[in-house]
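What follows is a set of notes on a single structure, which appears directly below.
The values are calculated or read from the model by the stated rules, or taken from the named source; none is laboratory data. Remember, predicted model here, so these are calculated numbers, not experimental data. Reconstructed Cβ throughout: ideal geometry from the backbone, glycine too, with neighbour counts over all protein chains shown.
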Amino acid sequence: MDAEEWTTYVNESFALSLVRAKADEESLSPEEAYDGFHPTFTYPIFGDEQKVYGYKGLRIEMKFASASLRQYFKVNYKERLPPSSAVDDIEAKLVEAGVLLPDHTKDEETFRKQIEDEAATFKPFGTKMNSYSRRISHELRPDAASNSSWDQKPSAGPTRKSPEPEPDEDLELVEFEIWHATWKTPGFKEYHRRMQLFILLYIEGGSYIKEEEDEWEFVILYEKRQRKHSPDVWTYHFVGYSTLFPFYCYPEKIRLRISQFVILPPYQQEGHGSALYSTIYQYVLTSPRIAELTVEDPAEVFEDLRDRNDLKMLLNHESFMREALGEHWGASTHGGPVRSRHNMSHHHTHHPPHHTHSSHSRRHGEGANGTKKGKLMPPTDKVWAGKWKGEFKIAQRQFQRLLEMLILKFIDDTDPVALKRYRIQVKDRVYRFNFEALTQLEQKERQAKLEETFQIIKKDYIRILNLIH
């Protein structure tokens, strides 16, 4: 017997769906799809290879009530080997991992009834923090059926794309709300047990948090949709959430850490992650007890989201940018920064010839044309940077990276002195951050490693800056 033909890669055969009441389904546009999407990771459940043995034509179905997240579960297959220790018990593994809850049902009629009974009465737990809206088209575009873009990687399941934001009579305005809860919020602990499985399925290395740790805070994002034929009825639908944990910060404040952050695949690539992150950031800014926002081991896709939103916030902060760019601020026709690369990918990486003597004789604090430069340009004024880091409540390393990106955006790349100072500033940060590892290297090897790292960082900064519109 060929073992391979009885082996199934779980991620492709595991279908997840968010199911709405019939009256809520009538409000959906043709291009909205909330069924048949797949997990990104299943190794916490089925092992490192993310495979199961003993089935042919396997399909695992888990459906969730879009509001309450009640579960329906079913395993379908064309053939199965006789029960043995070698044949994987799919249901048992899901139960053991805490993915399949004790009150799940295998009866679709029962599941449907639960949804119909709860949909109109479900209300989010905790207190509302923020709300925003998106416009949804009710016309099916030619490419909508084949769209499968995700935040992290191509998906095997359907998702929906963001519509154009311009007001249009053919676009429905859909509301979204962000709520804050803790373990003390009545009923939330039970609801969290229904949410947390998405951490395993969509965050690499994700794990469940401990309910006995009282300090956890939660920020949950919902879609709030008006029923088409009952306009006085609005229903909620789960989109994603983030977990936050406080740490002591001397002398009497806390650092708030984003520990987990997930947006479900049908809602990805629509700006909901940015809305959730921005709400958390505003919560930190307006809370006197919080000194700083940090992030625990961010995945690359989240780090990009964070960088984009932090950069936009800095670029839109007039006082900061005026001080950062000095007399260059306001020189454009619209009163904004004097310059920014039209396409950062064309940024020159070579060093200009050293024949501009005025650059070498220029006094520190002056630009190429003798005008007084701002506090940002290298070497960045450390006291000024420290003041704004505290104002923005951004962690030290993240704020240094953001300043380095802004310098690269506005630096005069015909000025060899400024470019050299920039390299030194970035390398100095990298050296301090990796001090123990770099001091183990010989000087020449260490210098080569720092230069290699600098070029990698610079290339990545250019990629991020190209994402800013």
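Yes/no per residue for (1) modelled with pLDDT of 50 or more; (2) part of a helix (DSSP H, G or I); (3) of a type in the set (Ser, Thr, Tyr):
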| position | (1), (2), (3) |
| --- | --- |
| 323 | yes, yes, no |
| 330 | yes, no, no |
| 345 | no, yes, yes |
| 386 | yes, yes, no |
| 399 | yes, yes, no |
| 423 | yes, yes, no |
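Condition test on residue 221, is it within 18 Å of residue 125 (Cβ to Cβ), touching a helix residue (DSSP H, G or I) at 6+ places or on another chain (Cβ under 6 Å) and hydrophobic (A, V, I, L, M, F, W, C)? It is true that residue 221 is within 18 Å of residue 125 (Cβ to Cβ), touching a helix residue (DSSP H, G or I) at 6+ places or on another chain (Cβ under 6 Å) and hydrophobic (A, V, I, L, M, F, W, C). Looking across the range 28-55, the residues that are surrounded by fewer than 22 Cβ atoms within 10 Å (Cβ to Cβ) and within 26 Å of residue 116 (Cβ to Cβ) come down to 28, 29, 30, 31, 32, 33, 35, 36. Only one entry in 209, 258 is touching a residue at least 12 places away in the same chain (Cβ under 8 Å) and either in a helix (DSSP H, G or I) or under 25 Å from residue 312 (Cα atoms) (or both), namely 258.
Of all positions in the range 56-71, none carries a residue that is surrounded by 15 or more Cβ atoms within 10 Å (Cβ to Cβ), among the aliphatic types (A, V, I, L, M) and either modelled with pLDDT under 95 or in contact with an Asp or Glu (Cβ under 6 Å, 6 or more places away or on another chain) (or both). Note on the range 35-68: residues that are in a loop (DSSP other than H, G, I, E, B) and either of a type in the set (S, T, N, Q) or in contact with a helix residue (DSSP H, G or I) (Cβ under 8 Å, 6 or more places away or on another chain) (or both) total 12. Evaluated against (1) under 26 Å from residue 185 (Cα atoms); (2) crowded, with 19+ Cβ neighbours inside 10 Å, residue 265 falls short on exactly one condition, (1). Do you know which of the residues in the range 278-331 that are among the acidic types (Asp, Glu) and without any contact (Cβ under 8 Å) to a residue 24 or more places away in the chain is surrounded by the most Cβ atoms within 10 Å (Cβ to Cβ)? Selected residue: 303. Among the conditions (1) part of a loop (DSSP other than H, G, I, E, B); (2) closer than 27 Å to residue 206 by Cβ, residue 93 misses just one, which is (1). Could you please let me know if residue 12 is touching a residue at least 24 places away in the same chain (Cβ under 8 Å), under 18 Å from residue 75 (Cβ atoms) and under 28 Å from the mean Cα position of the chain (by Cα)? So residue 12 passes the test. Identify the single condition in (1) in contact with a helix residue (DSSP H, G or I) (Cβ under 6 Å, 6 or more places away or on another chain); (2) in a helix (DSSP H, G or I) that residue 282 does not satisfy, given that it satisfies every other one. Condition (1) is where residue 282 drops out.
Residues in the range 264-300 that are aliphatic (A, V, I, L, M) and modelled with pLDDT of 95 or more: 264, 275, 276, 280, 284, 285, 290, 291, 293, 295.
When you scan the range 150-171, do you find a residue that is part of a strand (DSSP E or B), assigned by TED's automatic domain parsing to the domain that holds residue 129 and modelled with pLDDT under 95, even just one?
Looking for residues that are part of a strand (DSSP E or B), assigned by TED's automatic domain parsing to the domain that holds residue 129 and modelled with pLDDT under 95, one finds at least one in the range 150-171, hence yes.
Looking across 250, 241, 222, one residue alone is over 25 Å from residue 20 (Cβ atoms) and hydroxyl-bearing (Ser, Thr, Tyr). It is 250.
Answer with yes or no whether residue 181 is under 30 Å from residue 300 (Cβ atoms), of a type outside the set (Phe, Trp, Tyr) and at pLDDT below 90. No; evaluated as a whole, the condition is false for this residue.
Please determine whether any residue of the range 243-252 is within 30 Å of residue 391 (Cα to Cα), in contact (Cβ under 8 Å) with a residue 24 or more places away in the chain, assigned by TED's automatic domain parsing to the domain that holds residue 131 and of a type in the set (Ser, Thr, Tyr). Taking every residue of the range 243-252 in turn, at least one turns out to be within 30 Å of residue 391 (Cα to Cα), in contact (Cβ under 8 Å) with a residue 24 or more places away in the chain, assigned by TED's automatic domain parsing to the domain that holds residue 131 and of a type in the set (Ser, Thr, Tyr).
Picking from 449, 444, 458, which residue would you name as being surrounded by 12 or more Cβ atoms within 10 Å (Cβ to Cβ) and over 30 Å from residue 325 (Cβ atoms)?
449
Yes/no matrix, rows are residues, columns are (1) more than 13 Å from residue 58 (Cβ to Cβ); (2) of a type in the set (Phe, Trp, Tyr); (3) in contact (Cβ under 8 Å) with a residue 12 or more places away in the chain:
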residue	(1), (2), (3)
72	yes, yes, yes
76	no, no, yes
79	no, no, yes
85	yes, no, no
101	yes, no, yes
104	yes, no, yes
108	yes, no, yes
111	yes, yes, yes
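Kindly evaluate residue 101 against the criterion of being over 29 Å from the mean Cα position of the chain (by Cα) and of a type in the set (A, V, I, L, M). So residue 101 fails the test.
For residue 37, the conditions (1) more than 20 Å from residue 240 (Cβ to Cβ); (2) within 29 Å of the chain's Cα centre (by Cα) all hold with the exception of (1).
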